[in-house]
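The next block holds one structure in the form of structure tokens; read it before the comments.
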Amino acid sequence: CLLCRLGPYHPSLISDPAENLREILQNVAKRQGVSNMRKLGHLNNFVKLLCSVGHSEEKLAFGHVGHCTFPFLRLALLNEAKEVRAAGLRALRYLIRDSSVLEKVLGLQVDYLIARCIDIQQSNEIERTQALRLARKMITVNALLFPSSVTNSLIAVGNDGLHERDRMVRACIAIICELSLKNPVVVAQRGGLSTILKSVTDCQLSRINEALITTILHLLNHPHTRQYVRSDVELEQILAPYTDFHYRHSPDIAEGQLKEDREARFMATKMSIVASFRSWSGIINLCKSGNSGIQSLIGLLCIPNMEVRKGLLEVLYDIFQLVIPVATADFNEALISVDPSRFQDSWRLSDGFVASEAKTMLPHRSCSRPDLMDNYLALVLSAFIKSGLLEGLVEVITSSDDALSIRATILVGELLHMANTILPHSHSHHLHCLPTLMNMAASFDIAPEKRLRASASVNYLKCFHEKKKRGAKPYSLYLDHILRTSGGSHYCREQHFRPQRDIFIVKETEEALVTNMRDSHIFNHKENLDWNWCLIGTILKWPNVSLRSNKDEQMHKFVRRLLFFYKPSSKLYGSLELEHPKARQLTVVGCQFVEFLLASEEEGQAYLEDLVRDIVQCLFSSAGLKPDRSLQGSGLLTTLSQHYFLFLGALSAHPHGVKMLEKCSVFQCLLNMCSLKNQEHLLKLTVSTLDYSRDGLARVILSKILTAATDTCRLYATKHLRVLLRASVEFFSNWGIELLVTQLHDRNKTISMEALDILDEACEDKANLHALTEMKPALTHLGDKGVLLLLRFLSIPKGFSYLSERGYITKQMEKWQKEYNLKYVDMIEEQLNEALTTYRKPVNGDNYVRRSNQRLKKIAIELWLLYLVSVSSSLLFLLQNVVPDLSDRVRSPALDKWEGIKNLKAALWALGNIGSSNWGLNLLLEEGVIPDIVALAHHCEVLSIRGACLYVLGLISKTKQGCETLKQQGWDAVRHSRSMLWPIVPEELEPQPRPYNLLSSVPSTLRLIDSTGSRHNSESDSVQPSKPKLSNKAKELYDYFTTLLKELLLCCFQVRIC
């Protein structure tokens, strides 16, 4: 050996790295004279040497010494001490840097030693950990060289480790999944895919469960890897806990633990089924013709097994991203539990507060851009309906217990509402009849219990429809206050602030007023909460009554009693808990009291000033002058003292109220607090309650909070600008856009990106877009989203001229063709992943992928899934040379490699963006590329391409001309805008024969033609939407026929009973 011929070694005289390497290997190779501790130290020094000098062959003399390194490290793996073996594995991991080194290592059959280290006794965790790390390193360097011996050990631990309580089982399964993506052949040959699927039903953690099933779905996506998965057998085995009533995951489970184990399998299976329906591979494989997985699931609804039915209903709720109602026999209670207006923890003052509530409750301003989630949900909904979901749910309704029947009824109502919104008329017009349910409700040939349940369900659906018709109402009085004072909203003022007026008969006589004041018990009851607050609110809203018109001392006494109750210094109203049963009513009456005093003008000024000065005193105390517990710390979070800001907000919305606030130095007090620390809650309340519809000190305060406050307060104030935008505050384009542009340069990136997102939504309004263009902001420093917002300037002449003068358009078109079209694909798919899976984009460039169990809901994300490049008519001449090239890529796709697939997706998305306008659609028609896109949607071997085609066809259907073009290809589209609640179907839309019946059977025969739900939104150059008058007429007709049908049913019941 060369090491033996190099002579004696003197470490004190050696500085050459090659000599250091020689000493290390010499000591590791000695059988005697060197202890295991010294060998361990030498192996660690070997790693340090590699890290210090790198893998330079010159420095380490690999030409002479390096070829002997691998055998000596192999000797370390044969050592009797587990610490030495672990150090040897670690040294190998650092040494393997490329495929050539890996080949040399595997040539010495080191893989068998690695396999032994993995499958050794569980107590040797340090050794097993290093072996698994080495296995991952081999996958990273070259997965195609990964040895089958190590694969066998990993699979063995994955199969049996859970029963043996092996702590390494999840790590082994994770490595199997990683290897499956890079070298599926070795995993499939060793049965590793079955191990992954078996582990799916073992795991109740959503993020791990999703990763496991997604690995299999990824293999099903491409024809080259699809051959390794038997979709009919292996994929559908995840349904076994539901389809097999005698399912046992393991024969070792004791009878006493069988129920608990079955619940765990239900939970794991539910996660995997939902994850499968969130991918195109899963949808197409589970919805294929014949005995498909979706038909098996729906068929189970007709079997009277309550446990399975309950589990399947939860699966369906999750698939359609709906809130699961509470299990109760009270329909109203269940309906309230799914009401979007119900309280959520994120709406607390200590959390997202009004900004979070408004983002959930108020609709997105965008009505022109398609929502990709609608396309996805339309496809899944159509597939389920075609497979008989509604009939299965009717069976659950009529043959289950009350709690399950109510849960199924609400699901039917949600699905019918969804179908009316996102499915084309030809696919949804017959759904509302629900003939099975109606026949059972009217028939006396079935069991009375079933008939009564069906009849009750019909009534429940009517209540559900009425609730949907009313729409969501704000939960908090803060959002209610913003909507009432915004000026641009049609929100009903009486909804919250005058809820009880109709209860009492109002007579405009002084005698009736005195009687009502006496009946309110305000004069003779010392307990304030025992007063008749409904009657007090009625008195404050009494027509033509104020202190000015009524000089009676009894009215002044009435006001003084109320004033004493509401003053913070009295510790009465402000000390009540937020959860008090009368808390909301007392605050509503308090706001009415403030408005009453404002209407009384001079006579009410003294009372009003007394109240406001008392509130200001508390504000100064909370700012640090005199500690006041009611407006500090937990007191502000838990008591009604926070509602004093609603009183100030009501004053700020009235000219006389603004003068009163100035007189009492309220604005100055609030301005002083903007610069103080630890005033986050007070500043949140200030931002959320002041009225900004007029130019004045309120806007000055908002501007100061946006720039001078802490990061948390600045972020909340920025989010509140979205609230004001969606609430349609008057003249927002004049001042709100300027504030948002200022936030784009905030030192906190989170704030600047939030402002950018709000600006993107605001620019759906042309007035806001014009205002932003006038300001000519710098946006390119904000990344891809900033560039997309800048490109929206092209949709207006002034913006086009601005960018054209700077040569930006030509450069951007070149950049788009070279690289940005691929970035666009990544951005769209990343946003889809965030909406459909637990994936979350890394923050601030961090490589760690955060995961969350709370997926983004449609009502929250609305349209943010798609950022279209707005192209003006002046720009389309540049696209005439681009469309042919894009069309060629669609006609001749290179699907062998992922780069070719990505290029095809980029071409499809570009054509979809171009075809979303009438002029751009004409370019596509001239090129004749639309039939090619349709053909890809039906027959493409790569299943994710079919999904991309579905989204692209949705973009093309954005105009009426696009809908007609797709109709000729056998694809139907929604022809009304998202904002139209009661659309009128054009008379010319009649059922037509469909040229396509089936997709190719690779491996799917899913009828996409029956489920394409793309959104048609009219543009300026297309047919305008139906007038509101027609929409109202449709609603009246619907209500009329619903009522008529109900009366006919009741008549039938009465006649039969007689």
Subset of the stretch 426-437, residues in contact (Cβ under 8 Å) with a residue 40 or more places away in the chain and either surrounded by 20 or more Cβ atoms within 10 Å (Cβ to Cβ) or within 22 Å of Glu395 (Cβ to Cβ) (or both), comes to His427, Leu431, Leu434, Thr436, Leu437
Among residues of the stretch 438-469 being farther than 28 Å from Asp371 by Cα and of a type in the set (D, E, K, R), the residue surrounded by the fewest Cβ atoms within 10 Å (Cβ to Cβ) is Asp445
Going through (1) buried (at least 17 other Cβ atoms within 10 Å of the Cβ); (2) not assigned by TED's automatic domain parsing to the domain that holds Phe464 one by one, Val326 fails only at (1)
In the stretch 763-803, residues that are over 27 Å from Ala727 (Cβ atoms) and touching a residue at least 60 places away in the same chain (Cβ under 8 Å) total 4
Scanning for something over 28 Å from the mean Cα position of the chain (by Cα), at pLDDT 90 or above and within 30 Å of Phe277 (Cβ to Cβ), does the stretch 907-927 turn up at least one residue? no
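Results for (1) modelled with pLDDT of 95 or more; (2) among the charged types (D, E, K, R); (3) in contact with a Leu (Cβ under 6 Å, 6 or more places away or on another chain); (4) assigned to a loop (DSSP other than H, G, I, E, B), shown as yes or no for each residue.
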| residue | (1), (2), (3), (4) |
| --- | --- |
| Gln668 | no, no, no, no |
| Ser675 | no, no, no, yes |
| Asn678 | no, no, no, yes |
| Leu683 | no, no, no, no |
| Ser688 | yes, no, no, no |
| Asp695 | no, yes, no, yes |
| Thr712 | no, no, no, no |
| Thr718 | yes, no, no, no |
| Ser728 | no, no, no, yes |
Checked the stretch 251-280 for anything under 14 Å from Leu212 (Cα atoms) and among the small types (Gly, Ala, Ser); matches are Ala268, Ser272, Ala275, Ser276, Ser279
Going through (1) touching a Leu at 6+ places or on another chain (Cβ under 9 Å); (2) surrounded by fewer than 18 Cβ atoms within 10 Å (Cβ to Cβ); (3) farther than 21 Å from Tyr692 by Cα one by one, Leu790 fails only at (2)
Among residues of the stretch 223-241 being under 22 Å from Thr837 (Cβ atoms) and of a type in the set (Ser, Thr, Tyr), the residue surrounded by the most Cβ atoms within 10 Å (Cβ to Cβ) is Ser231
Exercise. Examine the stretch 896-911 for a residue that is of a type in the set (Lys, Arg), outside any loop (DSSP other than H, G, I, E, B), touching a Leu at 6+ places or on another chain (Cβ under 7 Å) and free of Cβ contacts under 8 Å to residues at least 60 places away in the same chain, and state whether such a residue exists.
Key: no
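Assess whether Asp760 counts as being closer than 28 Å to Asn375 by Cα, free of Cβ contacts under 8 Å to residues at least 24 places away in the same chain and under 25 Å from the mean Cα position of the chain (by Cα).
Values: closer than 28 Å to Asn375 by Cα: yes; free of Cβ contacts under 8 Å to residues at least 24 places away in the same chain: no; under 25 Å from the mean Cα position of the chain (by Cα): yes.
No: the conditions fail for Asp760.
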Of those in the stretch 235-258 that are of a type in the set (D, E, K, R) and free of Cβ contacts under 8 Å to residues at least 40 places away in the same chain, the residue nearest to Lys270 (Cα to Cα) is Asp244
When (1) surrounded by fewer than 23 Cβ atoms within 10 Å (Cβ to Cβ); (2) not hydroxyl-bearing (Ser, Thr, Tyr); (3) not in a helix (DSSP H, G or I) are applied to Glu260, the one that fails is (3)
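Here is a yes/no grid of residues against (1) under 19 Å from Thr838 (Cβ atoms); (2) touching a Ser or Thr at 6+ places or on another chain (Cβ under 6 Å):
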{"position": "Gln257", "(1), (2)": "no, no"}
{"position": "Arg262", "(1), (2)": "no, no"}
{"position": "Phe266", "(1), (2)": "no, no"}
{"position": "Ile273", "(1), (2)": "yes, no"}
{"position": "Asn285", "(1), (2)": "no, yes"}
{"position": "Lys288", "(1), (2)": "no, yes"}
{"position": "Ile294", "(1), (2)": "no, yes"}
- Message: Looking for something in contact (Cβ under 8 Å) with a residue 12 or more places away in the chain and closer than 30 Å to Thr959 by Cβ - is there at least one such residue anywhere in the stretch 322-329?
- Response: no
Of (1) among the charged types (D, E, K, R); (2) closer than 25 Å to Val825 by Cβ; (3) in contact with a His (Cβ under 6 Å, 6 or more places away or on another chain), Arg975 fails just (2)
Residues of the stretch 740-780 being part of a loop (DSSP other than H, G, I, E, B) and of a type outside the set (A, V, I, L, M, F, W, C), in sequence order, are His745, Asp746, Arg747, Asn748, Glu764, Asp765, Lys776, Pro777
- Message: Tell me whether the stretch 879-892 contains one or more residues that are farther than 16 Å from Gln817 by Cα and surrounded by fewer than 17 Cβ atoms within 10 Å (Cβ to Cβ).
- Response: yes
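Check the stretch 596-613 and report whether any residue there is among the polar types (S, T, N, Q), at pLDDT 80 or above and buried (at least 20 other Cβ atoms within 10 Å of the Cβ). If you could, list the steps in order and put the result at the bottom.
To start, the set of residues in the stretch 596-613 that are among the polar types (S, T, N, Q) comprises 600, 605.
If we keep only those that are at pLDDT 80 or above too, we end up with 600, 605.
Imposing the further condition that a residue be buried (at least 20 other Cβ atoms within 10 Å of the Cβ) reduces the set to 600.
Checked the stretch 596-613: at least one residue is among the polar types (S, T, N, Q), at pLDDT 80 or above and buried (at least 20 other Cβ atoms within 10 Å of the Cβ).
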Output for Cβ contacts, cut-off 6 Å, separation at least six or different chains, first residue under 12 Å from Leu540 (Cβ atoms) in the stretch 550-567, second at pLDDT below 90 and in a helix (DSSP H, G or I), reads Phe558/Met517
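The values are calculated or read from the model by the stated rules, or taken from the named source; none is laboratory data. Everything numeric in this text was worked out from a predicted model, so none of it was measured. Don't worry about glycine lacking a Cβ; one is built from the backbone with ideal geometry, like all the others, and counts go over all protein chains shown.
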